[in-house]
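Structure first, commentary second.
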Amino acid sequence: MADPIIFLCPKCRAKNRVPAARLKDHPLCGHCKAPLVTEDFGKVVRVTDSDFDTMVMDADLPVLVDCWAPWCGHCLSMAPILDDLAQDYAGRVRIFRLNLDENPGIGARFGINSVPTLLLVKNKKIRQTLVGARAKETMVAAVERLL
């Protein structure tokens, strides 16, 4: 049996463990009974300055964050690779995208001066930073080291 997947309640921010087999059952938060957003399972999820700590730093799963900008051609070319990784590692790694033009706080906090920059986070710590466009094989190797 697969491990349960952790979902953060969009209303009360409580962490909820949901078995993968129950994702299509429209699960509710165990604390406040609000519907959990499970549609993003296996997808790249947008993160912002305001929810970065909750979604990324406090995540129970390892996380890959793509810090990007919409004007960056290399950033745009990496998007399909990130989509593939989100599907390949669904339930084991969460993948987020942070638009630094709209969310400069995280860029300043972590000294991000170039895009794309990938942050690999586990247990509330940035374990690795990759700057510049990367091949899928390089990103897979980095994610595997994170696991």
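Within region 58-75, count every residue that is open to solvent by less than 20 Å² (accessible area, probe 1.4 Å) and either in contact (Cβ under 8 Å) with a residue 60 or more places away in the chain or over 9 Å from the mean Cα position of the chain (by Cα) (or both).
6
The rows are residues; the columns are (1) among the β-branched types (Val, Ile, Thr); (2) closer than 19 Å to Val140 by Cα.
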{"site": "Pro4", "(1), (2)": "no, no"}
{"site": "Pro27", "(1), (2)": "no, no"}
{"site": "Thr38", "(1), (2)": "yes, no"}
{"site": "Val45", "(1), (2)": "yes, yes"}
{"site": "Asp49", "(1), (2)": "no, no"}
{"site": "Val63", "(1), (2)": "yes, yes"}
{"site": "Trp71", "(1), (2)": "no, no"}
{"site": "Arg97", "(1), (2)": "no, yes"}
{"site": "Pro104", "(1), (2)": "no, no"}
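Name the residue that is modelled with the lowest pLDDT, counting only residues in region 42-52 that are open to solvent by 70 Å² or more (accessible area, probe 1.4 Å) and within 18 Å of Phe7 (Cβ to Cβ).
For region 42-52, the residue satisfying everything is Lys43.
Return the residues of region 116-128 that are in a strand (DSSP E or B) and either polar (S, T, N, Q) or open to solvent by 40 Å² or more (accessible area, probe 1.4 Å) (or both); say none if nothing qualifies.
Once the filter is applied, which keeps residues that are in a strand (DSSP E or B) and either polar (S, T, N, Q) or open to solvent by 40 Å² or more (accessible area, probe 1.4 Å) (or both), region 116-128 yields Thr117, Lys122, Lys125, Ile126, Arg127, Gln128.
Taking the options Ala59, Ala90, Ala141, Ala86, name whichever one is over 18 Å from Val45 (Cβ atoms) and not hydroxyl-bearing (Ser, Thr, Tyr).
Ala141
Residues checked against (1) modelled with pLDDT of 95 or more; (2) touching a Lys or Arg at 6+ places or on another chain (Cβ under 9 Å); (3) closer than 30 Å to Ala21 by Cα; (4) assigned to a helix (DSSP H, G or I):
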| site | (1), (2), (3), (4) |
| --- | --- |
| Val65 | yes, yes, yes, no |
| Leu76 | yes, no, no, yes |
| Leu98 | yes, yes, yes, no |
| Ala108 | yes, no, no, yes |
| Ser114 | yes, no, no, no |
| Val143 | yes, yes, yes, yes |
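So for region 5-14 (the condition being open to solvent by 40 Å² or more (accessible area, probe 1.4 Å) and at pLDDT 85 or above), does at least one residue qualify?
Checked region 5-14: at least one residue is open to solvent by 40 Å² or more (accessible area, probe 1.4 Å) and at pLDDT 85 or above.
One residue is enough: does region 103-113 have a residue meeting the conditions among the charged types (D, E, K, R) and either surrounded by 14 or more Cβ atoms within 10 Å (Cβ to Cβ) or in contact (Cβ under 8 Å) with a residue 40 or more places away in the chain (or both)?
No, region 103-113 has no match at all.
The values are calculated or read from the model by the stated rules, or taken from the named source; none is laboratory data. Quick caveat: nothing in here was measured; it's all calculated off a predicted structure. Neighbour counts are summed over all protein chains in view; Cβ atoms, including those assigned to glycine, are modelled from backbone coordinates with ideal geometry. Only protein heavy atoms, including side chains, enter the accessible area calculation; ligands, DNA and RNA are left aside. Shrake-Rupley method; radii C 1.70, N 1.55, O 1.52, S 1.80 Å.
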